[in-house]
1. On the given criteria, is Ala105 assigned to a strand (DSSP E or B), hydrophobic (A, V, I, L, M, F, W, C) and within 14 Å of the chain's Cα centre (by Cα)?
2. Has the range 12-33 got at least one residue that is without any contact (Cβ under 8 Å) to a residue 40 or more places away in the chain and buried (at least 22 other Cβ atoms within 10 Å of the Cβ)?
3. Name every residue in the range 74-123 that is surrounded by 18 or more Cβ atoms within 10 Å (Cβ to Cβ), under 15 Å from Val12 (Cβ atoms) and of a type outside the set (A, V, I, L, M), in order of residue number.
4. Can we say Lys76 is among the basic types (Lys, Arg), out of contact with any Gly (no Cβ under 8 Å at 6 or more places or on another chain) and either within 15 Å of Gly117 (Cα to Cα) or without any contact (Cβ under 8 Å) to a residue 40 or more places away in the chain (or both)?
5. Tell me, yes or no, whether the range 38-46 has at least one residue that is charged (D, E, K, R), in contact with a strand residue (DSSP E or B) (Cβ under 7 Å, 6 or more places away or on another chain) and open to solvent by 60 Å² or more (accessible area, probe 1.4 Å).
6. What about Ser63, is it under 18 Å from Val122 (Cβ atoms) and at pLDDT 95 or above?
Amino acid sequence: QVQLVESGGGLVQAGGSLRLSCAASGSTFSSYYMGWFRQAPGKEREFVAAIKWSFGNTYYADSVKGRFTISRDNTKNTVYLQMNGLKPEDTAIYYCAARRHILIATTTSAYGYWGQGTQVTVSS
């Protein structure tokens, strides 16, 4: 059974940085895409970034390109989201998700496994 556990959220001032972690267990993830999504109050959950576990190909939403970096550590079965230059509009609950498929996807319905989320708050 796939389990995803996020950590690393918190409160940071605008312009600051945070690194989120997603510890994955319960499967061999070489055939998975791992994604980060976020959901702000009153808004729909949206795609942030994704990585192909086996080859490391990365994809980003336009709103975070150049500021956020997704990566993975195969030895620790962990995916990271390094967030730099944070803005108040980045405030949201951030979710880690997993998709066992050969193609990238950016919609929430395409991911079958989800973590519980971690809160990121950026003050102005």
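The values are calculated or read from the model by the stated rules, or taken from the named source; none is laboratory data. Computed from a predicted model, the values in this text were never measured in an experiment. Ideal geometry is used to build each Cβ from the backbone, glycine not excepted, and the neighbour counts take in all protein chains shown. In case anyone asks, the SASA skips ligands and DNA or RNA and just uses the protein heavy atoms, side chains included. Shrake-Rupley method; radii C 1.70, N 1.55, O 1.52, S 1.80 Å.
1. Details: assigned to a strand (DSSP E or B): no; hydrophobic (A, V, I, L, M, F, W, C): yes; within 14 Å of the chain's Cα centre (by Cα): yes.
When the stated conditions are applied, Ala105 does not pass them.
2. No, because not a single residue in the range 12-33 is without any contact (Cβ under 8 Å) to a residue 40 or more places away in the chain and buried (at least 22 other Cβ atoms within 10 Å of the Cβ).
3. Asp90, Thr91, Tyr94, Thr118
4. Numbers: among the basic types (Lys, Arg): yes; out of contact with any Gly (no Cβ under 8 Å at 6 or more places or on another chain): yes; either within 15 Å of Gly117 (Cα to Cα) or without any contact (Cβ under 8 Å) to a residue 40 or more places away in the chain (or both): no.
The answer is no for Lys76.
5. Quick first cut of the range 38-46, residues charged (D, E, K, R) only: 38, 43-46.
Remaining after also requiring in contact with a strand residue (DSSP E or B) (Cβ under 7 Å, 6 or more places away or on another chain): 38, 45-46.
With the extra rule that they be open to solvent by 60 Å² or more (accessible area, probe 1.4 Å), the set shrinks to 45-46.
Yes: one or more hits.
6. On the way: under 18 Å from Val122 (Cβ atoms): yes; at pLDDT 95 or above: yes.
Considered against the rule, which asks whether it is under 18 Å from Val122 (Cβ atoms) and at pLDDT 95 or above, Ser63 comes out as yes.
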